[in-house]
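Right, one structure below, let's go through it.
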Amino acid sequence: MSIKSWHEDDRPREKMLHSGAAALSRSELLAILINNGSKNKSALDLAKEIMVLADNSLHNLARLDITDLMKVKGVGQAKAVAIKAAMELAVRKQAEPFKSKPVLRSSQDIAPFLRSLIGDKRQEYFVAIYLNMACRYISHQEISKGGITGTVADVKVILKKAVEVEASMMIVAHNHPSGNLRPSKADKALTEKLKAAAKLLDINVVDHLIVSQEGYYSFADEGEM
């Protein structure tokens, strides 16, 4: 049965209009994004299959790329792109209060933004957040991305951007797709190398965070800065 043949109270769009978005299940919300079903499946059927593919986890859903989503029969490129666009909007929503925060005083101020930005990624990403002398946000930059086990962050690239935006301070971060939050020897060595190089330019490296779905690790909080 197509959704159009359902009772009006059971249709996701009408249900949202009558009862609000909070009344809908995750599959129903996803069905609205999908918009139309396929020849043999309703939009809600497709949504449920996608959630099964993601092990019924929104974190895992965010990690699926367009190719993964299109593995569900009936989900074409347009539907997959719509879902990924919604996921990106969620990330940007998370970033807005961070960018407008007057002063970034601790890892707790920045960790939620970093987790939304790279915590769900299946590859390792390295990013830098640039701050002025008052610890106010200037901008952030993706430095590199790599495989599941690591990525290479070039100190020259990090500092070049810092100079371009006239940053006085910076916070760097990367994700561990495995979920393990403990820093490796390479993570520690990179931190020391970056601190030494940045000091020559009168730039203070405030913290290095490792993030994942499970949480975060702060070098500064652990007394390693």
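Looking at segment 1-11, can you tell me whether even one residue there is surrounded by fewer than 19 Cβ atoms within 10 Å (Cβ to Cβ), assigned by TED's automatic domain parsing to the domain that holds Ile83, part of a loop (DSSP other than H, G, I, E, B) and at pLDDT 85 or above?
No - not one qualifying residue is present in segment 1-11.
Six or more apart or on different chains, Cβ under 6 Å: which pairs go from a residue in segment 46-69 that's closer than 13 Å to Ser27 by Cβ and free of Cβ contacts under 8 Å to residues at least 24 places away in the same chain to one that's in a helix (DSSP H, G or I) and of a type in the set (A, V, I, L, M)? Could you list them?
The qualifying pairs are Ala47/Leu30; Ala47/Ala31; Ala47/Ile34; Ala54/Leu61.
Scanning for something without any contact (Cβ under 8 Å) to a residue 24 or more places away in the chain, touching an Asp or Glu at 6+ places or on another chain (Cβ under 6 Å) and in the same structural domain as Asn204 (by TED's automatic domain parsing), does segment 120-139 turn up at least one residue?
For segment 120-139, residues without any contact (Cβ under 8 Å) to a residue 24 or more places away in the chain, touching an Asp or Glu at 6+ places or on another chain (Cβ under 6 Å) and in the same structural domain as Asn204 (by TED's automatic domain parsing): absent.
Against the conditions (1) at pLDDT below 90; (2) farther than 30 Å from Leu131 by Cα; (3) small (Gly, Ala, Ser), where does Ala31 fall short? Just the number, please.
(1)
Please go through (1) in contact with a helix residue (DSSP H, G or I) (Cβ under 7 Å, 6 or more places away or on another chain); (2) surrounded by 15 or more Cβ atoms within 10 Å (Cβ to Cβ); (3) over 22 Å from Gln94 (Cβ atoms) for Thr191 and return the number of the only condition it doesn't satisfy.
(1)
Each row is one residue, and each column tells you yes or no for (1) over 23 Å from Leu104 (Cα atoms); (2) part of a helix (DSSP H, G or I); (3) aromatic (Phe, Trp, Tyr).
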| residue | (1), (2), (3) |
| --- | --- |
| Ala153 | yes, no, no |
| Ala173 | no, no, no |
| Asn180 | yes, no, no |
| Glu192 | no, yes, no |
| Leu201 | no, no, no |
| Val205 | no, no, no |
| His208 | no, no, no |
| Glu224 | no, no, no |
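If only one of Ala167, Ala220 is assigned to a loop (DSSP other than H, G, I, E, B) and in contact (Cβ under 8 Å) with a residue 60 or more places away in the chain, which one is it?
The unique qualifying residue is Ala220.
Kindly establish whether Lys84 is farther than 28 Å from Pro112 by Cβ, in a helix (DSSP H, G or I) and in the same structural domain as Met16 (by TED's automatic domain parsing).
No.
Pick out the one residue from Gln94, Gln123 that is under 24 Å from Lys161 (Cα atoms) and in a loop (DSSP other than H, G, I, E, B).
None of the other options fit; the residue is Gln123.
For the list (1) more than 16 Å from Ala128 (Cα to Cα); (2) without any contact (Cβ under 8 Å) to a residue 24 or more places away in the chain; (3) in contact with a Ser or Thr (Cβ under 8 Å, 6 or more places away or on another chain), I need the number of the one condition that Ser178 fails.
The failed condition is (2).
Name the single residue, out of those in segment 21-59 being under 16 Å from Met87 (Cα atoms) and touching a Ser or Thr at 6+ places or on another chain (Cβ under 7 Å), that is surrounded by the fewest Cβ atoms within 10 Å (Cβ to Cβ).
Among those residues, the one meeting the criterion is Met51.
Out of the residues in segment 97-120 that are among the hydroxyl-bearing types (Ser, Thr, Tyr) and in a helix (DSSP H, G or I), state the one that is modelled with the highest pLDDT.
Ser107
The values are calculated or read from the model by the stated rules, or taken from the named source; none is laboratory data. Since the model is a prediction, treat every value here as computed from it, not as a measurement. Cβ coordinates were reconstructed from backbone atoms using ideal geometry, including for glycine residues, and neighbour counts include every protein chain displayed.
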